[in-house]
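What follows is one structure encoded as structure tokens, with my remarks underneath.
Coordinate-derived values only; no laboratory data. Model, not experiment: these values are computed from the prediction. Cβ atoms come from the backbone with ideal geometry, glycine included; neighbour counts cover every protein chain shown.
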Amino acid sequence: MRAHLTVSLIAVLIFTARGSVSAHDPIRSKVTWNGDIARIVNARCIRCHRPDGKGPMSLLTYQDARPYAKAIREEVLARRMPKWHAARGYGQFTNDPSLSPFEIALFVAWVDGGAIRGVDPIAREQTTPKAGPSTTAGGRSVDVGCNSAGVPAGRLLAIRPKLAEKSSAGFTLVFPDGTREILAWIRNYEAKFRETYWLRRPVDMPRGTRLAVDATGACSVELRVDAASTTPRAPRTAR
Ligand code: HEC
């Protein structure tokens, strides 16, 4: 409820801000597909929502998306879309496609304003759609069982869990000095959407570091590990 109110408020602010700027042109004061939404959809949705993608329908074009406007409003407001199985607040990932509150407010304002197309479709159609947030690469991959717990020394770049369907697991590094760092909490795992989670801040794992996993089902994880960095590890704040 609180989140919903906040989003509505932001939506009102957007309308107000734009309305005052372009008071003589009410159409341009609205959030439109071509003005705001297509760009976000291209970056965050069409990776799955395109013909032959993993999503149930295409959102490539205005015509594709328009019939789903109400559903889109609902899904983004509830943060069910873009689909992403890492729980918010546990680790930060460079390839996290989640929408910002501002972007959610744009979707809401677009749908509430009639889900209109807006001007300049030609300019938009000339841009090549991007397939989603760019992912990093690198490091060697090391498979560890979730019970084995020992991890190779080095710099952890990413984790790629493999869990039992619909199960959940929390991943925490335990350093030799006993301090811990929560890496990720994966909820409602779906094999079809198995993901590599690229850490926003790679973590140095000195020799003797362990991986503690709290899983509700079968579990293994592929780690992407780089050579250890030479800079000393920054002190961790307890969470
Ligand atoms: C990683 C793949 C993926 C991404 C990215 C993704 N979706 Fe989805 N989406 C799905 C799947 C799969 C479903 C079917 C329901 C499910 O499995 O959860 C779905 C369902 C939906 C539905 C419900 C359709 C209906 O019939 O009611 C909407 C609306 C939707 N997505 C919108 C979006 C929007 C908007 C974005 C971007 C902001 C997005 N999705 C990003 C995979 C994805």
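What are the principal axis extents of the Cα atoms in the stretch 156-212, in Å, biggest first?
Extents along the principal axes, in whole Å: 36, 18, 14.
What Kirkwood radius, in Å to one decimal, follows from the Cα pairs of the stretch 62-112?
Values: mean 1/r = 0.0839 Å⁻¹.
Result for the stretch 62-112 stands at 11.9 Å.
Computed FRET efficiency, Cβ-Cβ of S167 and R201, R0 22 Å: what is it to the nearest 0.05?
Working: r = 27 Å, r/R0 = 1.22.
That gives a FRET efficiency of 0.25.
If R₀ is 41 angstrom, what is the calculated FRET efficiency for the pair A153 and A78, using the beta carbon separation as r and rounding to 0.05?
Details: r = 41 Å, r/R0 = 1.01.
E between A153 and A78, to the nearest 0.05, is 0.50.
Whole-Hz Karplus ³J(HN,Hα) for the stretch 183-188, in order, using 6.51 cos²θ - 1.76 cosθ + 1.60 and θ = phi - 60°, x for Gly and Pro?
Running phi through 6.51 cos²θ - 1.76 cosθ + 1.60 with θ = phi - 60° gives 8, 6, 10, 9, 10, 6 Hz.
Taking 0.36 nm per residue of separation and subtracting the Cα-Cα distance, what length does fully extending S98 through S141 add? Each step should come with its number before you reach the end.
Details: separation 43, 0.36 × 43 = 15.48 nm, distance 2.57 nm.
Here the answer is 12.9 nm.
Take R194, project a point 7 Å from its Cα along the Cβ direction, then tell me which residues of the stretch 153-178 have their backbone nitrogen under 15 Å from it.
The answer is 159-167, whose backbone nitrogens lie closer than 15 Å to the label point.
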